[in-house]
Amino acid sequence: MRPDPISVSAAQLLRALVKRIALNMNRISIGRIRSVDWQSLTFTGERHEISLRLAGPDPHLALEALRVELRHAEWQLDGHIVAEILIVDEQVFDDGSITLEIEALTLCE
């Protein structure tokens, strides 16, 4: 079965998110990405739900670094801005890996 394609803004957001996680790519698993159109009276964009699993040595350090990035970084994507991004859930497993549920709102420029 083929996965559903993701939107351009979701793909850009995912790349930016993975780049900011202080782990090698082989330590990050993408679980699921879901995006839905969003609009207000003045803006249009997408709401995103992303599930990631961080593995390997010290995923807790990578999680803490990501938390700092989420609070302080400006997230500029081509044609979109990240208006909101946060970790809504995390789960630690016996092997030390961590699953993160991230939600974000991107707005069209």
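Between 0 and 90 degrees, the angle of helix 59-72 with respect to the longest Cα principal axis of the chain falls at about 30 degrees.
Under the definition of Cα pairs under 8 Å and six or more residues apart, what whole-number percent is the relative contact order of the chain? That works out to 29 percent. Taking 0.36 nm per residue of separation and subtracting the Cα-Cα distance, full extension of the segment from Val92 to Ala73 would add 4.3 nm. Zone of Leu61 (label point 7 Å along Cα→Cβ, backbone N under 13 Å): which residues in the stretch 16-36? Hits in the stretch 16-36 for Leu61 at 13 Å: 22-24.
In degrees from 0 to 90, rounded to the nearest 10, what is the angle of the helix 8-20 Cα long axis to the longest principal axis of the chain? Tilt of helix 8-20: around 30 degrees.
The numbers here are math on the coordinates, done by the rules we state, and not lab data. In this text the structure is predicted, and so the values were computed from the model without any measurement. As a convention, Cβ positions derive from the backbone with ideal geometry for all residues, glycine included, and neighbour counts pool all protein chains shown.
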